[in-house]
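The structure appears below as structure tokens.
The values are calculated or read from the model by the stated rules, or taken from the named source; none is laboratory data. For clarity, every value in this text was computed on a predicted model and none was experimentally measured. FYI the Cβ positions are ideal-geometry reconstructions off the backbone, even for glycines, and counts take in every protein chain you see. What goes into the accessible areas is simple: the full protein's heavy atoms, side chains included, and nothing from ligands, DNA or RNA. Shrake-Rupley method; radii C 1.70, N 1.55, O 1.52, S 1.80 Å.
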Amino acid sequence: MVTKLVQKHPLKGTQTIEIIDDTVNVQIKLPFKKEESLTVMLTVLNQEPVISKSRLEFTSRVNNEALLSLFLDKPNAKEFNAFVALLKQKIQEEFSAFAGLKTGTSSGLEGNVFEEPPTFDEPDTARTAKNKEITAEGVEEAINMLREHLGGEEIGPFLTALESLKSNPQSDESLSQVLNEFHALGSTQGAILTYAPYIATLLSDDPFSF
């Protein structure tokens, strides 16, 4: 089982991608630059990657922004394919667990393992705080992570909305404001879900509506 992939590129340095529990960790070493690191929750990734030039990219379920990018067939095709197959499997398992489903059951996922989630008839799409398990502690942790990694200027209105929700986790009005501000963030959504995965629990009552 290949849970760690080390990829070297003559111009773009070395990146190490490792699957650890419900996350994938990336460390990037660029020539003459400080080492970079990134952690992505598996639940926020689309299971089917896309090819972009010489890279294979796993995108966000929310806005299809590339969150994880691999060099194609490096270090070799066999090791690369084994890692990608395991990563796709782990993404499916983690998302099924997040959605309250059992992997391999026939409840709508049979024959659809590596495809988009199935469409259910007349789903309940009401976004209310009362049928979510929102906690002030979870919201506060998300706020702290976002302030630490993204600062407050670019996402100021979103942080303000989160502060309001933290004060009253059962407020539908506060939750609605959080959702509105999140969708206004555009390309920053991917970074927010990466550094504060708790936000994913606020986005919808039904995880499939990502």
Output for Cβ contacts, cut-off 6 Å, separation at least six or different chains, first residue under 22 Å from Asn46 (Cβ atoms) in segment 3-24, second of a type in the set (Lys, Arg) and not in a strand (DSSP E or B), reads Gln7/Lys74; Ile19/Lys90
Expected output for segment 47-70 (first residue assigned by the TED database to the domain that holds Ile17, partner among the hydroxyl-bearing types (Ser, Thr, Tyr) and open to solvent by less than 60 Å² (accessible area, probe 1.4 Å), Cβ below 7 Å, 6+ apart or cross-chain) is Val50/Thr59; Arg55/Ser69; Glu57/Ser69; Glu65/Thr59; Ala66/Thr59; Leu67/Thr59; Leu67/Ser60; Leu67/Thr194
Just one listed residue, out of Ser52, Ser60, Ser37, is surrounded by fewer than 12 Cβ atoms within 10 Å (Cβ to Cβ) and small (Gly, Ala, Ser), and it is Ser37
Residue hits (segment 85-97; farther than 12 Å from Thr3 by Cβ, surrounded by 15 or more Cβ atoms within 10 Å (Cβ to Cβ) and not basic (Lys, Arg)) are Ile91, Gln92, Glu93, Glu94, Phe95, Ser96
Going through segment 161-187 in order, the residues found to be out of contact with any Lys or Arg (no Cβ under 8 Å at 6 or more places or on another chain), more than 15 Å from Ala136 (Cα to Cα) and in contact (Cβ under 8 Å) with a residue 24 or more places away in the chain are Glu181, Phe182, Ala184, Leu185, Gly186, Ser187
Checking Glu57, Glu48, Glu18 in turn, the sole residue that is out of contact with any helix residue (DSSP H, G or I) (no Cβ under 8 Å at 6 or more places or on another chain), within 21 Å of Gln189 (Cα to Cα) and modelled with pLDDT of 90 or more turns out to be Glu57
Exactly one of Thr119, Thr135 is at pLDDT below 90, closer than 25 Å to Thr23 by Cβ and of a type in the set (Val, Ile, Thr), and that residue is Thr135
